[in-house]
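Contents: one structure, followed by commentary.
The values are calculated or read from the model by the stated rules, or taken from the named source; none is laboratory data. The structure presented is a predicted model; accordingly, all values stated were derived computationally and were not measured. Don't worry about glycine lacking a Cβ; one is built from the backbone with ideal geometry, like all the others, and counts go over all protein chains shown. Surface accessibility is based on the protein's heavy atoms, side chains included, excluding ligands, DNA and RNA. Shrake-Rupley method; radii C 1.70, N 1.55, O 1.52, S 1.80 Å.
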Amino acid sequence: MPNSHIYLTAEWHEQSAVQLTWPHADTDWLPVLKDVTHCYLNMAKAISEHEQLIIVTPEPEHVQVQLERALPAENMQRIILCQIPTNDTWARDHGFITLLAPDGPHLLDFKFNGWGEKFIADLDNQICRRMAEQKILKGLYEDIG
């Protein structure tokens, strides 16, 4: 790879972690929160069996209890709980876009507005910056607003 190449990886490229943003009572999931939480626990179990899992949640103690009841201890060792307020769970709307470069990963933080501000996303649009401040990920943080 020449030194000038910066690229977006394909979905099958090796990754260092998967991020989930956990559902809670202040999200659109409230009417089906029990069912959706069960689904998230299943996802957390499947992901943490194979790799690092970062869970963003405003309620880390509550999520920790849920996880410990549902997952084996060895899975819990691969989970990082990151306390950050959130509006909802749609990580595609607020997660980093990561580019790889010779100097390492570039973590691009953007303001999502794909819904034309139909839904509140002020907290979600701060998740990446807050993760960078907490040094959850390794890479060069870039706010591209």
Can you give me the number of residues within segment 132-145 that are open to solvent by 50 Å² or more (accessible area, probe 1.4 Å) and not in a loop (DSSP other than H, G, I, E, B)?
-> 5
If we scan segment 52-70, do we find a residue that is on the phi > 0 side of the Ramachandran plot and not β-branched (V, I, T)?
-> no
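Residue-by-condition table, conditions (1) farther than 26 Å from F119 by Cβ; (2) in contact with a Leu (Cβ under 8 Å, 6 or more places away or on another chain); (3) of a type in the set (D, E, K, R):
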residue: I6; (1), (2), (3): yes, yes, no
residue: A10; (1), (2), (3): yes, no, no
residue: A25; (1), (2), (3): no, yes, no
residue: T37; (1), (2), (3): no, no, no
residue: M43; (1), (2), (3): no, yes, no
residue: T57; (1), (2), (3): no, yes, no
residue: Q64; (1), (2), (3): yes, yes, no
residue: E68; (1), (2), (3): yes, no, yes
residue: A91; (1), (2), (3): no, yes, no
Residue that is nearest to E59 (Cα to Cα), among those in segment 88-103 that are assigned to a loop (DSSP other than H, G, I, E, B) and either without any contact (Cβ under 8 Å) to a residue 40 or more places away in the chain or open to solvent by 20 Å² or more (accessible area, probe 1.4 Å) (or both) = W90
Look at H5 and say whether it is assigned to a loop (DSSP other than H, G, I, E, B), more than 22 Å from R130 (Cα to Cα) and in contact with a strand residue (DSSP E or B) (Cβ under 8 Å, 6 or more places away or on another chain).
-> yes
Could you grab the pairs with beta carbons closer than 9 Å, sequence gap of 6+ or different chains, first residue in segment 112-133 and within 15 Å of I55 (Cα to Cα), second one part of a loop (DSSP other than H, G, I, E, B) and charged (D, E, K, R)?
-> D124/D88
Taking only segment 9-68 into account, find how many residues are open to solvent by less than 20 Å² (accessible area, probe 1.4 Å), part of a loop (DSSP other than H, G, I, E, B) and either in contact with a Gly (Cβ under 7 Å, 6 or more places away or on another chain) or at pLDDT 95 or above (or both).
-> 3
Checking P85 against (1) in a loop (DSSP other than H, G, I, E, B); (2) at pLDDT below 95, the condition it does not meet = (2)
Within segment 69-84, residues being open to solvent by less than 50 Å² (accessible area, probe 1.4 Å) and within 14 Å of the chain's Cα centre (by Cα) number 4
Subset of segment 107-131 (residues that are closer than 12 Å to I144 by Cα and open to solvent by 20 Å² or more (accessible area, probe 1.4 Å)) | L108, F110, K111, F112, N125, R129
